[in-house]
Amino acid sequence: MAELDSEVPPLPPRYRFRDLLLGEQGWQSDDRVQVEFYMNENTFKERLKLFFIKNQRSSLRIRLFNFSLKLLSCFLYIIRVLLDDPTQGFGCKELNQSCSDQNYTPGTIDWSPIIWVNRSLPLWGLQVSVALISLFETLLLSYLSYKGNIWEQILRIPFLLEIINAVPFIITIFWPVLRNLFIPVFLNCWLAKHALENMINDLHRAIQRTQSAMFNQVLILISTLLCLIFTCICGIQHLERAGNRLTLFDSLYFCIVTFSTVGFGDVTPKIWPSKLLVVIMICVALVVLPIQFEQLAYLWMERQKSGGNYSRHRAQTEKHVVLCVSSLKIDLLMDFLNEFYAHPRLQDYYVVILCPTEMDAQVRRVLQIPMWSQRVIYLQGSALKDQDLLRAKMDDAEACFILSSRCEVDRTAADHQTILRAWAVKDFAPNCPLYVQILKPENKFHIKFADHVVCEEEFKYAMLALNCICPATSTLITLLVHTSRGQTAPWEAFRQLTGTKQTSNRESQQSPEQWQKTYGRCSGNEVYHINLEESTFFAEYEGKSFTYASFHAHKKFGVCLIGVRKEDSKNILLNPGPRYIMSSTDICFYINITKEENSAFKKQEKHKKKKESKLSYHGASRLPVHSIIASMGTVAIDLQDTGCRTSSRPTLALPSEGGKEGRRPSIAPVLEVADSSSLQTCDLLSDQSEDETTPSDDEVSAGLEYAKGYPPYSPYIGSSPTFCHLLHEKVPFCCLRLDKGCQHNYYEDAKAYGFKNKLIIVAAETAGNGLYNFIVPLRAYYRPKKELNPIVLLLDNPPDMHFLDAICWFPMVYYMVGSIDNLDDLLRSGVTFAANMVVVDKESTMSAEEDYMADAKTIVNVQTLFRLFSSLSIITELTHPANMRFMQFRAKDCYSLALSKLEKKEREKGSNLAFMFRLPFAAGRVFSISMLDTLLYQSFVKDYMISITRLLLGLDTTPGSGFLCSMKITEEDLWIRTYARLYQKLCSSTGDIPIGVYRTESQKLTTSESQISISVEEWEDMKDTKEQISYRSSHRNSTSSDQSDHPLLRRKSMQWARRLSRRVPRHSGKTTEKINQQRMNLYRRSERQELAELVKNRMKHLGLSPAGYDEMNDHQNTLSYILINPSPDTRLELNDIVYLIRPDPLAYVPNSAPSRKDSFCNTVGQDTREETQL
């Protein structure tokens, strides 16, 4: 073998790897033969064909030259007509026999002026030259395009016309006698038309540009019409040489009058050949022109469907954005347009919609409105085609919005389409900013390159989770990201609808619709930003603490400072705490009715302050600074007590008074610079020190000690790590099943677990990765352990192991397979003692033949829950926001009907949030993810909105940034009295920043006969009630038991009983008594009692105790709403829930604490490597 290897010659240089790397340098010494490859045969014919036909640019030049020759021949014909005079002879002098004296009788035609013309020698020479060149070119092209069938080449109409126009001139060269013979040269106009069409096609191929077919068809139509008119003009003029001897202008006049169907009759043909020509031309026009118009109309309709092109000139001179969607619905379009054009600086922008489907009728009608037709351009096309992206001028666009189709059955497939669109746009226009909406969180990492991304399931589940601990968080976020402009409810319209009367006394301020005016006014608050050194609001607080700046800015200007961003950082810090010192280069983020640039500042006179201090804040119609400066007199601040009092609960206890008994309780001032000694005692962690460090005996015995750390597993890539309450050891998968026992425990229902806190039940179709974001905010480290609610996932389909592996580290998280359609499943999950029931919209029902019917099943199921468990707080997700009017539907509720009419009027006025006054939305009991589409739209102007929203929802955790929480106002906290004093108390003690109030109050409505509806069964139930319940005007619900003692109800019921007794036929005494007894028993069995008995019977059948079921606890007679950044003089009421942005507790923890947490994380990471034994 060694000898054979030695005999193998070395590889030549071209096969050596070193030479392949070196390229040509290694090949210089090698002898090579250059071989040329041709795409066509190297023959003379092929070279000519390449030059005249195949080569785009040379072929274009040849056709342009041919087009010029045809136009020249027509021009020479016109010159010949203008120089010719029929009276001077007909050019037949050489033919003596033919030109002898002829005597014409009347009615005969003199054919000699038609056959012979006067043609000068120079003109004849030019025409012969043009004919020779044209004939030679025609014969050459026919030879080059010959494919074996010669008759196919000869019988073509262009070839025949070329022979008719060129061959006679060539004959006159050899037979001079025929030099003045008439030749129909004007027929060259049709050859010019044919050359023009070919030239346009070659032009498009040469410049690699696809012009609209509409342009080609219009060009063909115009050229056909011109050729018909020119042929008719020249033909009539020549034939009438033997008749009226018309000029070219007379012929033009006649043709125009004839083709326009006017027909004045002052110019008419005299001889029959000219009349025959007119008939022929009219017939040709009637056949050719309709065909051309039909093709043009078809292309016009197709262009209307596809949308045409966005002009390059407009793209370079005007600004535009592109909206890419799979299918365009009217709701999506109007939400985008209303939100996008709500900003003044975007009024001059154009919106180009790129959609692969045809525009539907509703969208077409909307885009025909002048307000939108001038600014919105619809293009039918795909974002995956460069041609369509070029039509939309994507490379010149200011931004591209790519939205997913959430109504698709397969949401993963919809995400894949969105990802491909984002990749295609990024490949075509790398510098175009991308705003992408994605559905599934696991697909988010594919579009990390996008400038702004909104993941629907991330936001949805995090918002639904916060709704359970901070009521109406979904409504709070929706109002903050919408441009509602602070429009209040129309008072007069609502007063007319409900029949209420406005009085002039003081109680009119507490009118039933006062909540709408206050709620509507506060809904106009939005998040804005400004540089500190350029701000009038915050410039004076440079060098002072954040809490000091926030409190005094709110007291002075009515703005709520919620966060900052350093100049050299991209991270936004929500309420960084009192230790943060404001710098001149900081970007301040604040909540206000309008931004500072649109505000005016007026100083108030000192002698008017006392008078104006009694006035309340009247919203956007008056500047916030007026009422706030005036209301400073109502914020009495005693600076004697500067100590910081801590409490074991999140309430504001009444401080001890060291002075007189009648002296107002004092509140510590907000310090300009934080005192480290006081901050440590006021820290959130210190308030929970007992809860954290000294667990109770029950917790120790039950082994419920929790630790804090980062979850070791995340179900998808791209989730932000969040510090959470975790178990020291993960729970076996079998123990996560709530309704089935295992070898570790024997509990088969939620009641058996004996939870101290009420449950949070989530009803979903599948355990998607987004459901992980529901658990994380409820188990965040800043939630007190004693307040953690057990979470039960009620799933239609069993979860996969990957999801269970992610949730097994969280305490008190369980799942069970079931549906809200099944009452037994609801009872096993613990619905009777649950605090909140979250109903997530099912993916399988998001698409329906009728769009708004996608929520039908969810609405009916929730209505059933509402009737069975009236005391349960139900939070529902819907696909369409318009369907929220059916939530907790009561057909005979006049108050809800009045709100419905009010919503319709608001929608007619073009309101962005016409449904905002609906009670379920105002109370935060219903939510639709489509309401958050505006978050993506608003980020075009406010690029920080997505980051702030993620921080508020707990999706992102930035070191030093605060979190959203809530605090309930109890009777012990009412000494605070006003929102301004609360603001000061929180800033001076815990460093919290309040941003709004969630208020619940009774419904007040003037009662009239038309508004009262009561059933006989409920009347009998209330009649048997032994307790005397005093009537309260606030309880206006038709199904409420509190209206039983109202005299009007009693009178109506007695009238009904008398009418019924008169209609009953008379029977014997015993029979009558028996019937009355049965009737009374039937009446006592009301609908509510039937439902209660049904639930109790099912609970007994399942072995559950019905003791916790309270069927009469009904909260339907109250309404709740949100006040975002209320005025400082707003009075606090009992059970108000205040939204707080609390500072990050870890910012004040000593350095030794993180090491403990890191060690736990390392331990958890080691434990998770072991396999779980089921």
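The values are calculated or read from the model by the stated rules, or taken from the named source; none is laboratory data. This one's a predicted model, so the numbers in the text were calculated from it and none came from an experiment. As a convention, Cβ positions derive from the backbone with ideal geometry for all residues, glycine included, and neighbour counts pool all protein chains shown. Only protein heavy atoms, including side chains, enter the accessible area calculation; ligands, DNA and RNA are left aside. Shrake-Rupley method; radii C 1.70, N 1.55, O 1.52, S 1.80 Å.
Per-structure values
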item: Extension gain, CYS734 back to GLU318 (0.36 nm per residue minus Cα-Cα distance, nm); result: 143.5 nm
item: Distance between modelled label sites at PHE445 and LYS756, nm, 7 Å Cα→Cβ extension; result: 3.9
item: Rounded to the nearest 10 Å², the accessible area of THR957 at probe 1.4 Å; result: 60
item: Length released on extending from ASP360 to LEU64, taking residue separation times 0.36 nm less the Cα-Cα span; result: 102.2 nm
item: Shape call, the range 310-389: gyration tensor on alpha carbons, a/c limit 1.5; result: oblate
item: Distribution of pairwise C-alpha distances over the range 367-415, 10 Å bins, in %; result: 21, 36, 37, 7
item: Two-decimal Rg/Rh across the range 767-859, once Rg and the Kirkwood Rh are taken from alpha-carbon atoms; result: 1.00
item: Local net charge near VAL559, Cβ-Cβ under 11 Å (Lys/Arg +1, Asp/Glu -1); result: +2
item: Carbon/sulfur fraction of accessible area - the range 278-365, other protein chains in place, 1.4 Å, %; result: 59
item: Förster-model FRET efficiency, 51 Å R0, PHE136 and ASP395, C-beta, rounded to 0.05; result: 0.65
item: Per-residue SASA entry for THR518, accessible area with 1.4 Å probe, Å² rounded to 10; result: 30
item: Listed residues ALA397, GLN387, ILE477: farthest to the positive end of the dipole of the range 384-477 (Cβ charges); result: ILE477
item: Accessible area (Å², per residue) of the range 696-834, counting only protein heavy atoms and a probe of 1.4 Å; result: 38
item: Inter-label distance, nm, simple model (7 Å from Cα along the C-beta direction), ALA413/CYS742; result: 3.6
item: Per-pair calculated FRET efficiency, R0 = 60 Å: ASN201 and GLN863 via Cβ, rounded to 0.05; result: 0.40
item: Segments 925-938, 462-475, 340-353, 373-386 sorted - mean Cβ within 10 Å per residue, highest first; result: 462-475, 925-938, 373-386, 340-353
item: Under 15 Å from the PHE601 label point (7 Å along Cα→beta-carbon), backbone N, the range 511-548; result: 530-542
item: Cα convex hull of the range 859-985, projected area averaged across orientations, nm²; result: 12.0
item: Net +/- balance of residues flanking GLU1133 in space, Cβ distance below 9 Å, scoring K and R +1, D and E -1; result: 0
item: Sequence ranges 942-949, 712-719, 119-126, ranked by mean other-Cβ count within 10 angstrom, highest first; result: 942-949, 712-719, 119-126
item: Reciprocal of mean inverse Cα separation for the range 519-582 (Kirkwood radius, Å); result: 12.5
item: Residue-count net charge about ILE591 - beta-carbon cut-off 14 Å; Lys, Arg +1, Asp, Glu -1; result: +1
item: Pairwise FRET efficiency - PHE833 versus VAL941, Cβ, R0 = 30 Å, nearest 0.05; result: 0.05
